[in-house]
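Q: Structure below; questions to follow.
The values are calculated or read from the model by the stated rules, or taken from the named source; none is laboratory data. For clarity, every value in this text was computed on a predicted model and none was experimentally measured. FYI the Cβ positions are ideal-geometry reconstructions off the backbone, even for glycines, and counts take in every protein chain you see.
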Amino acid sequence: MKKNSIFKGLTEDEIAYYYTLLNEEITNFNCGTLCAPKNGGEPFCCKVENAVPFLYKEEFSYLKKQSDLWSVWEPKTKHEIKLKKNSETEDTIFCKCKGVSFCERDNRSISCRTFPLEPYIDKRDVFVGLVFMKEFTEGCPLTNRPKEIRQEFIDSHFIFWEKLILRKTDEFETYKKSSKSYRMSREKTGKKFVIFYPSHLKDKSYILKYV
Ligand code: SF4
Ligand code: SF4
């Protein structure tokens, strides 16, 4: 008999809870000072031309109740229309905020809070840490400064991702694929990538043979 998925969609309460796990600062300084000078004075990741925030639909409806910071992103170019068509899913939507000068810390999206890191799934299909998203190695200078990433940020974000990928198997599959592609590229080029482990896995050397 076919097993039905138990996933019923995220709820607004869950989103509010996730936000409490995603409050840590990524660095001990404002990392926007690294990229803003080359981006017309604004952080690279806050410009919709560089990274369109991807929100869960429940997240968008939750945020709309908190403020008027967010609206639906309207694609303009052919490339953007294709991006929207190919990327949005039943439960996600591209949005844009009103801009850096209107940013509200408490109403930043999950996309804003987690940038530029994503989950890394090892060869056993176990979630073991976070890695820089390869799409942003050019634009985000933090990707060249891994030592600046705070351990407190890694630890709380790990908890968030662990909860999320347990809830959403499609996301787990997405990160399984991206992690595999990072390994393949490492094999091909010999170029290693940094994995940020949460504190409780940092001294577990047995993991190394699986990453
Ligand atoms: S995360 Fe990267 S792109 Fe965003 S503000 Fe910090 S350095 Fe700039
Ligand atoms: S909400 Fe704030 S952090 Fe997020 S993209 Fe807008 S300006 Fe940047």
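Q: Would you pick out the residues in the stretch 33-49 that are surrounded by fewer than 19 Cβ atoms within 10 Å (Cβ to Cβ), within 10 Å of ligand 1 (Cβ to nearest atom) and part of a helix (DSSP H, G or I)? Walk me through it before giving the result.
A: To start, the set of residues in the stretch 33-49 that are surrounded by fewer than 19 Cβ atoms within 10 Å (Cβ to Cβ) comprises 33-34, 36-42, 47-49.
Okay, now just the ones that are also within 10 Å of ligand 1 (Cβ to nearest atom), so 33-34, 36, 38-39, 42, 47.
The answer is 33, 34, 36, 38.
Q: Something else now. Within the stretch 113-152, how many residues are under 13 Å from the mean Cα position of the chain (by Cα), at pLDDT 95 or above and within 11 Å of ligand 1 (Cβ to nearest atom)?
A: 7
Q: Filter the stretch 50-66 for residues that are within 12 Å of ligand 2 (Cβ to nearest atom) and either closer than 20 Å to residue 150 by Cα or not in a helix (DSSP H, G or I) (or both) and give the result.
A: 50, 51, 52, 53, 54, 55
Q: Then there's this: Going residue by residue through the stretch 112-125, is there one that turns out to be surrounded by fewer than 16 Cβ atoms within 10 Å (Cβ to Cβ), within 15 Å of ligand 2 (Cβ to nearest atom) and closer than 26 Å to residue 60 by Cβ?
A: Restricting attention to the stretch 112-125, the residues satisfying the condition of being surrounded by fewer than 16 Cβ atoms within 10 Å (Cβ to Cβ) are 123-125.
Then keep just the ones that are within 15 Å of ligand 2 (Cβ to nearest atom); that gives none.
Checked the stretch 112-125: no residue is surrounded by fewer than 16 Cβ atoms within 10 Å (Cβ to Cβ), within 15 Å of ligand 2 (Cβ to nearest atom) and closer than 26 Å to residue 60 by Cβ.
Q: Hey, residue 21 hits all of (1) closer than 26 Å to residue 167 by Cβ; (2) in contact with an Asp or Glu (Cβ under 9 Å, 6 or more places away or on another chain); (3) buried (at least 16 other Cβ atoms within 10 Å of the Cβ) but one; which does it fall short on?
A: (2)
Q: Now for a different question. If a residue must be among the hydroxyl-bearing types (Ser, Thr, Tyr), surrounded by 15 or more Cβ atoms within 10 Å (Cβ to Cβ) and out of contact with any strand residue (DSSP E or B) (no Cβ under 8 Å at 6 or more places or on another chain), how many such residues does the stretch 54-83 contain?
A: If we filter the stretch 54-83 for residues that are among the hydroxyl-bearing types (Ser, Thr, Tyr), which is where we start, we get 56, 61-62, 67, 71, 77.
Imposing the further condition that a residue be surrounded by 15 or more Cβ atoms within 10 Å (Cβ to Cβ) reduces the set to 56, 62.
In the following step, the residues that additionally are out of contact with any strand residue (DSSP E or B) (no Cβ under 8 Å at 6 or more places or on another chain) were identified as 62.
Looking only at that region, the number is 1.
Q: Then there's this: Residue 69 fails exactly one of the following numbered conditions: (1) within 16 Å of ligand 2 (Cβ to nearest atom); (2) touching a Ser or Thr at 6+ places or on another chain (Cβ under 7 Å). What is the number of that condition?
A: It is condition (2) that residue 69 fails.
Q: Out of the residues in the stretch 69-93 meeting the condition of being in contact with a helix residue (DSSP H, G or I) (Cβ under 9 Å, 6 or more places away or on another chain) and among the charged types (D, E, K, R), tell me which one is nearest to residue 48 (Cα to Cα).
A: Selected residue: 74.
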